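Let me begin by handing over the structure; questions about it come next.
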Amino acid sequence: MYNMTNVGRMGLMPEFVAGVGGFVDYVMTLEPFQLDGLVKCPCRKLWTSHGEVDNSFVISQNYVAGGSSGAVEPDVQNCRMHDMIRYAYGMHSDFESGDHVEESPNDESKCFFEQLEAFSRPLYEGSPHSQLSIAVRLLSIKSDWNVPQGAMDAVIDLMHELVDPNLEIPDNFYKAKRAHFRKAPSGKKVDVKAMHYLPLIPRLKRLYTSNRSAPHMRWHHENRRPPGVMCHPSDGEAWKHFDRKYPQFAAEPRNIRLGLCSDGFTPYSVSAAPYSCWPVYLTPYNLPPEMCMTSPYIFLNCIIPGPRNPKIMIDVYFQPLIDELNQLWIERVETFDVSLKQNFNLWAVLMWTISDFSAYGMLSGWMTTGKLACPYCMENTKSFTLKHGQKNCWFDCHRRFLPMDHEFRNMKNEFRNNTVDRDCPPPIYTREQAWERAQHFPKVTEEQPYKFDGYGVAHNWTKQSIFWELSYWKDHLLRHNLDPMHTEKNYFDNLFNTVMDVNDKAKDNIKARMDLPEYCR
């Protein structure tokens, strides 16, 4: 595309220049240009209008192309806020099609857009900043540079001394944080210890207030794949099974399906005191594959602080989320879809959870440790304890899943020594049977946890999971998923450390050598 010998045009080939001219001619025929006389920049990182009179929507000269997101001035945020208002009150979207009746925003959405418009007005004529852009910039500076709140208050005081006192600048950092539009619904009080909870419903509604996301929320319905092709969760049997079970929910493609993910990590160095922090994320699966797993659409729902692993008590921290999910399912929430200019009652459903194996036990209620760790085999497991290593082992437990006439079943010495396998696979419990077993155990939110009779011998239940409070949970075909990354990493680590004989990490030791002739030929 670029020819550096073309000095006359700064290295651009004539074909490229002609293509740009054709592109501009085409853009000038579109509705945005016909309405405003503006041509929008097609670059990927920035989306702003060129030639406009309002200086509040001009990209700052301090922006460095190709730099980090922290280098973008808040005017980019202003432009996005401006677009959101235009979507609600101004021009129609290019995505709009079909026969539908346009409506004005409902009272809550209208209040949001009006306040957004008020907060986005320039502080004074010609100012590149608005009241909202200043609040966003202050929050960004504190987060990016880890500035103490006292220092932020001192900077804001200095700003007041330097500018006109009549300008609407936050009085302190606390008021900058409070520059939102509507209080979120309050959840239940958590009595164990403090937690950080970010309400879900307002963020789901915000997905429909911008044309950057609203039209894409119908992608899963408008882009069906042929049978046998899977590139999105909507192609899976679990999704289709739920559609068949709740056809009224499936009839509205704007209803949202969510996935929940949680895992613990240590925010400090390994040498520091042990500390376990558990973030909980939610992801809407309505969006196309290239969008639904990107950071703008992975919602941090709550942060469970340490210093200890919450274990089965994690349900205590899920109570506000369960309340919101029940509200989204039972009562529904009135939402304004800016792409279709319509109000509708939003439904949302939690499809499944995703976690590693240890968190699987915390979320499902079936503890994934000990001989009964497998949540599918349950008490029908064939695991055993190594004679010398004294560890639980699941070696040669897989042949039972093969067809009865498979040649591997009759191999006597190729797997476990002097053993053939004639057993049938363990029964797979139906959704009703799973609920029948789980419902007899108490919730940790109602009773203090304790070990039930038969734990570790006849069962591995530790609680009734709080997700059973969702009326549709028992109807899911797939409720809990394992994150393949953890499985692959753990397998590779053990294999690599053993083959390379890494000190203190290899599985090849004296006890393992003593166990080998006991179970293998």
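What is the extension gain from Arg212 to Leu158, computed as 0.36 nm multiplied by their sequence separation minus the C-alpha to C-alpha distance, in nm to one decimal?
15.7 nm
Under a plain spin-label model, where a point goes 7 Å from the Cα along Cα-to-Cβ, how far apart in nm are Met411 and Leu300?
A separation of 4.9 nm, rounded to one decimal place.
Let me ask something additional. Using θ = phi - 60° and the Karplus curve 6.51 cos²θ - 1.76 cosθ + 1.60, what whole-Hz ³J(HN,Hα) does each residue of region 276-286 get, with Gly and Pro shown as x?
10, 10, 10, x, 10, 10, 10, 10, x, 8, 5
Taking Lys505 as the anchor, which aspartates and glutamates have their alpha carbon closer than 19 Å to its alpha carbon, excluding any fewer than eight residues away along the same chain?
Lys505 reaches Glu488, Asp493, Asp515.
Using the beta-carbon distance between Tyr246 and Leu482 and R0 = 25 Å, what value does 1/(1 + (r/R0)^6) give for FRET efficiency, to the nearest 0.05?
Efficiency computed from Cβ-Cβ geometry: 0.45.
Gain in length, Val27 to Val229, computed as 0.36 nm per residue apart minus the alpha-carbon separation, to one decimal in nm?
Additional length available on full extension: 69.1 nm.
Please give the FRET efficiency for Trp435 paired with Glu103, using the beta carbon to beta carbon distance and R0 = 45 Å, rounded to the nearest 0.05.
Plugging the Cβ-Cβ distance into 1/(1 + (r/R0)^6) gives 0.65.
Follow-up question, since we're still on this one. Semi-axes, largest first, in whole Å: what does sqrt of 5 times each Cα gyration tensor eigenvalue give for region 341-447?
Calculated on Cα positions only, the semi-axes equal 37, 20, 14 Å.
Exactly which chymotrypsin sites (Phe, Trp or Tyr not before Pro) in region 436-521 are in a DSSP loop and have at most 16 other Cβ atoms within 10 Å?
Listed in order of number, the matching sites are Tyr450, Phe452, Tyr472.
Compute the accessible area per residue over region 251-375, keeping the other protein chains in place, probe 1.4 Å, unit Å².
Averaged over the residues of region 251-375, the accessible area is 35 Å².
Here's another thing I want to ask about it. Which loop-located trypsin sites (Lys or Arg not before Pro) does region 123-182 contain, where loop means any DSSP state but H, G, I, E or B and the Cβ has at most 16 other Cβ atoms within 10 Å?
The qualifying sites are Arg178, Arg182.
Which entries in the list Lys391/Lys511; Lys110/Lys341; Lys371/Lys391; Lys205/Lys245; Lys391/Lys507 go over 18 Å, if you measure between the two C-alpha atoms of each?
With Cα atoms farther than 18 Å apart: Lys205/Lys245.
Once neighbouring chains are kept in place and the probe is 1.4 Å, which whole percent of the accessible area of region 312-398 is contributed by carbon and sulfur?
Carbon and sulfur atoms account for 56 percent of the accessible area of region 312-398.
The values are calculated or read from the model by the stated rules, or taken from the named source; none is laboratory data. Owing to the predicted nature of the structure, the values given are computational and were not obtained by experimental measurement. Every residue, glycine as well, gets a Cβ built from its backbone with ideal geometry; the counts of neighbours run over all protein chains shown. The area values use the complete protein model at the heavy-atom level, side chains included, leaving out ligands, DNA and RNA. Shrake-Rupley method; radii C 1.70, N 1.55, O 1.52, S 1.80 Å.
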